[in-house]
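Quick notes on the structure that follows.
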Amino acid sequence: METKDIVNKGPIENLFIITAGPVPPNPSELLSSERMGKLITKLSDLYEMIIIDSPPVLSVSDPLLISKNVQGAIIVSWAGSTTYDLLRKGLKLFEDISVPVKGVILNRFDAKKSGYYYGYGDYYASSESKKEEIQKS
């Protein structure tokens with residue numbers, strides 16, 4: 001199969017997507033196969049950057065199997081749900097197999113719920129201190 005047969009144009013310019021397709025009988029075998037490595041190498045020659053979305057690193061082995069064919073990992077952490085302990089464990093798994101972690105993305109963060117906010121041209125302040133300021137005026 002040629003890469004042109006599996007790569008689809010994305011919803012924005014210069015974004016291309018390969019969808020997962022049907023679940024294979026043994027995903028771990030596919031992800032750790034030589035064929036998968038060759039596909040990623042071929043795509044690396046054609047595209048400036050490749051991002052592979054995978055399940056959480058602590059739930060299945062897929063991310064660790066995929067990571068043997070990548071230059072680094074980006075950890076996505078769910079604000080208010082991912083504990084420091086879980087984050088440390090995930091980072092350690094990548095460290096143990098020498099996969100550099102290029103960054104961490106904190107998603108589902110709501111500044112209003114966290115007690116912090118940002119006002120245009122203002123500074124970060126706790127909502128309690130802001131309430132006190134308003135009550136004094």
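Nothing in this text is a laboratory measurement; each read-out follows from the coordinates by a stated rule. The model shown is predicted, which means the values in this text are computed figures rather than measured ones. Here Cβ is always computed from backbone atoms with ideal geometry, including for glycine, and neighbour counts include all displayed protein chains.
Past 32 Å, Cα to Cα, is the threshold; run Lys68/Lys113; Lys42/Lys92; Lys38/Lys102 against it and keep the listed order.
Lys68/Lys113
Between Ile105 and Ser81, with labels modelled 7 Å along Cα→Cβ, what's the label distance in nm to one decimal, could you check?
Here the answer is 1.4 nm between the modelled labels.
Between Phe16 and Thr41, what's the calculated FRET efficiency when r is the beta-carbon distance and R0 is 22 Å? Round to 0.05.
According to the calculation, E is roughly 0.85.
Quick one: which residues, 5+ away or cross-chain, put their amide H under 5 Å from the amide H of Phe16? H built at 1.01 Å from N.
For Phe16, the qualifying residues are Gly10.
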